[in-house]
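Before any comments, here is the structure.
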Amino acid sequence: MGEPTGRGRATLVAGEVEFGSDDAALLEAIEGTGSVARAAETLGRSRARALRRIERLEGAFDALVERRRGGRGGGGSSLTETGRTLLGRYDRLSAAVAAAADVPETVVDGVVETVDGELAAVDTAVGTVWGRHDELAVDDRVQVRIGADAVTVRPVDGEAPGETSARNRRRGRIAGIDRGETVHTVRVAVDGATIRALVTDESARRLSLGVDVDVWLSWKATATRLVTDAVG
């Protein structure tokens, strides 16, 4: 399980499933109201949508919500011990991210290859990178800015990672780790460039991350900014 962070928010990752602020709010509401239906109503969501999300999360993180059928004592829902532990881990990670005043960025220059709706593909020194754009056109020169808190790090185990919702994926080797008290900045060499990622101390130890370890990096196009005003 990885523990990357998204810009301005924390994210826990298990396989291809991400646990973010909306999921934390759902679990907190269930614990507070004692009901999935009441929690969904409080958050302005449908009960069916909340149940589908819980099912997906539990497929990745194990049982999070204990649901009790109605009877003499009445029905209801509460968090399992796993659910409370996951929520606690998320809260600690959120606090660590909030404590970091500046989030490192990887910045590479490139030229727009393709525009597809709100996303554009850019030819860069580290290959084609997808990101969000605002009125870009093919052949525009841009800077690609990748927040270290948006990058997921996974050790290479001999196989490429499966399909994910992240359009951007690279293989590299850890060149160094700038260690903080709870969150470290991992510097990964990719085709002569350096991509930075934030990883919690817990994940760095559990994943045995260290210098010269080969890793897979992935990050979503929607978390990648394409900037034109900084390019001469």
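The values are calculated or read from the model by the stated rules, or taken from the named source; none is laboratory data. Not measured: the values here are computed from a predicted model. Every residue, glycine among them, receives a Cβ derived from its backbone with ideal geometry; neighbour counts consider all protein chains shown.
In segment 13-53, which residues are closer than 25 Å to Arg206 by Cβ and among the aliphatic types (A, V, I, L, M)? Matches in segment 13-53: Val13, Ala14, Val17, Ala24, Leu27.
Yes or no, residue by residue, for (1) part of a helix (DSSP H, G or I); (2) modelled with pLDDT of 90 or more; (3) of a type outside the set (Val, Ile, Thr); (4) in the same structural domain as Gly15 (by TED's automatic domain parsing):
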position: Ala60; (1), (2), (3), (4): yes, yes, yes, yes
position: Gly73; (1), (2), (3), (4): no, no, yes, yes
position: Ser78; (1), (2), (3), (4): no, yes, yes, yes
position: Leu93; (1), (2), (3), (4): yes, no, yes, yes
position: Asp109; (1), (2), (3), (4): no, yes, yes, no
position: Val112; (1), (2), (3), (4): no, yes, no, no
position: Ala121; (1), (2), (3), (4): no, yes, yes, no
position: Thr128; (1), (2), (3), (4): no, yes, no, no
position: Arg145; (1), (2), (3), (4): no, yes, yes, no
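If you go through segment 188-219 one residue at a time, how many are assigned to a strand (DSSP E or B), crowded, with 19+ Cβ neighbours inside 10 Å and not hydrophobic (A, V, I, L, M, F, W, C)? Adding up the residues that qualify gives 3.
Figure legend. Inter-residue proximity from segment 28-44: first residues over 18 Å from Leu86 (Cα atoms), second residues among the charged types (D, E, K, R) and at pLDDT below 95, beta-carbon distance below 6 Å, spacing 6+ or different chains. Indicated pairs: Ala37/Arg47; Ala40/Arg47.
A single member of Arg167, Arg206, Arg225 is of a type outside the set (Phe, Trp, Tyr), within 18 Å of the chain's Cα centre (by Cα) and farther than 25 Å from Ala14 by Cβ, and it is Arg225. Note on segment 130-143: among residues that are at pLDDT below 90 and farther than 16 Å from Val108 by Cβ, the one that is surrounded by the most Cβ atoms within 10 Å (Cβ to Cβ) is Asp134. Criterion first (closer than 25 Å to Ala95 by Cβ, among the basic types (Lys, Arg) and modelled with pLDDT of 95 or more) does Arg53 satisfy it? So Arg53 fits the description; yes. State which residue pairs qualify: first residue under 13 Å from Pro155 (Cβ atoms) and inside segment 191-213, second residue of a type in the set (Ser, Thr, Tyr) and outside any strand (DSSP E or B) in any location, beta carbons under 8 Å apart, and separation of 6 or more residues or different chains. Final answer for the pair search is Leu209/Ser203.
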